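Encoded as structure tokens, the structure appears first; notes follow it.
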Amino acid sequence: MEKNTSVVHGRIKKRKTLEEAHSNPPFSFDELSQDLLEIVLSWLPASSFLRLRSVCKRWSSVSVSPTFKIACSQIPFRDPWFLMVDHELNQSVIFDTSEGNWKNLICPAGFNQVKRIAISSCDGLVCFRHTSGGFEVCNPVTGICRKLPLPDFAQPLHAVSMSFDKDSSFSSYRVVLVSGELPNLSFRMFSSDKNKWEEEVMLIRQAGDSSETDISGGETVYFLSKSGEVVATNMLRSPSKEFSSVLAIENGEEIVYFLSQSGTVIACNLNKRNFYEHPRLLPIYSEYSIDVVVCKGEMMVVVLSEFLETASLRVWRFSKGSKSWLQVAAMPPSMSHEFYGRKADINCAGCGDMIFVCLNSINFSSCVICNVVENVWKELPKCVVNGKAKEFVSAFSFEPRLEAIV
């Protein structure tokens, strides 16, 4: 009897609680102070905030508030967007990882009409190169751009990378150019604070570089493929990846990684002013496609190769202890076999624990995202524009940050 009574009382109590809840007035954001509102909105995904700006004038004004941008800069990480580049070098589509879908990049008029192509990215900014050879840094979310002074260098350009200064709240960045011919490499650095290029710095080959006894990364070697075709080891990259490189912080030192013409990974230590050529992952006479990324804060390479009538797509990291490459992740054979015989080229971009892979050939195109930690691979649905599927050749990752200053 007591048990039944307690149940009845429980129901009565629950009903009263619901009635009390309905009687209370709904919560309103109008009751929040401006500072608290800005803090709350700063935690929203960028796509959600951009949509919510149309709710009212107060929310719209938040996007230009200096204190709101400070609040946004306190967010340690935002789910990345990937700026996509197609065959026509159009750069108006992004893939939003927070919502898992394709979006048109809404930018001011003329943003995509200028003859330029994305070549590097860092946090909330993307660096473009004009057909004239000049550089421009843009925030794709705000559409604000800044043309950089023309750099003065006579040697062939190898790599372009970007980095934000530590503790700058996304207001101070640097652009690094690596140029020269192996083994004579040098770099120049642009400072957004000083608005000028610093003096050229020569890089020396690191002692113990194994490439000194191997074929130099700048030499061309010819060999016969399995089909009997003469193949050169020189890499032919898409224009958007011609000067592609990545920058990683290792033990407090900035290191720029890029691929040599023959596909070896070159590491340039900007602090020690030296460079190192990593051992080859595959024999020089092998046919494969390779790209370098930064994932989980360290340099990795993604390799598409064929062996025994099947294709494999794998991720590798370099062990400095054993001076060898170690496999980190591999696409399931049931997925990678589709790439066999396609002669596809891969171009990749890393951010956090993810690697975005663009696979492209004459009659084939696919985009795949890999979670390196969980070794989970997902092929993305086609991006359809005006009834036609887009074919992307490369992607550049950036965090959608309104506060990133060019």
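Annotation note: of Ser98, Ser161, Ser171, the sole residue that is among the small types (Gly, Ala, Ser), modelled with pLDDT of 90 or more, assigned by TED's automatic domain parsing to the domain that holds Glu199 and part of a loop (DSSP other than H, G, I, E, B) is Ser98. Taking Leu32, is it surrounded by 10 or more Cβ atoms within 10 Å (Cβ to Cβ) and at pLDDT 85 or above? So Leu32 does not fit the description; no. Residue pairs whose Cβ atoms lie under 7 Å apart, sitting 6 or more positions apart in sequence or on different chains, and linking a residue in the range 342-362 that is in contact (Cβ under 8 Å) with a residue 12 or more places away in the chain and at positive phi to a partner that is crowded, with 24+ Cβ neighbours inside 10 Å and part of a strand (DSSP E or B), do not occur here.
If the condition is being more than 21 Å from Phe170 (Cα to Cα), surrounded by 14 or more Cβ atoms within 10 Å (Cβ to Cβ) and either assigned by TED's automatic domain parsing to the domain that holds Gly124 or among the acidic types (Asp, Glu) (or both), then the range 51-89 contributes Met84, Val85, Asp86, Leu89. The criterion of being not in a strand (DSSP E or B) and not basic (Lys, Arg) holds for Ser334. All conditions but one from (1) in contact with a Phe, Trp or Tyr (Cβ under 6 Å, 6 or more places away or on another chain); (2) loosely packed, with under 15 Cβ neighbours inside 10 Å; (3) of a type in the set (S, T, N, Q) apply to Ser305; the one that does not is (2).
Each residue in the range 279-308 was checked for being modelled with pLDDT of 95 or more and in a loop (DSSP other than H, G, I, E, B), and 0 pass. Across the range 337-387, the number of residues qualifying as part of a strand (DSSP E or B), of a type in the set (Ser, Thr, Tyr) and touching a strand residue (DSSP E or B) at 6+ places or on another chain (Cβ under 6 Å) comes to 1.
The values are calculated or read from the model by the stated rules, or taken from the named source; none is laboratory data. Because the structure is a prediction, the values reported are computed rather than measured. Glycine also receives a Cβ, built like all others from the backbone with ideal geometry; neighbour counts cover every protein chain displayed.
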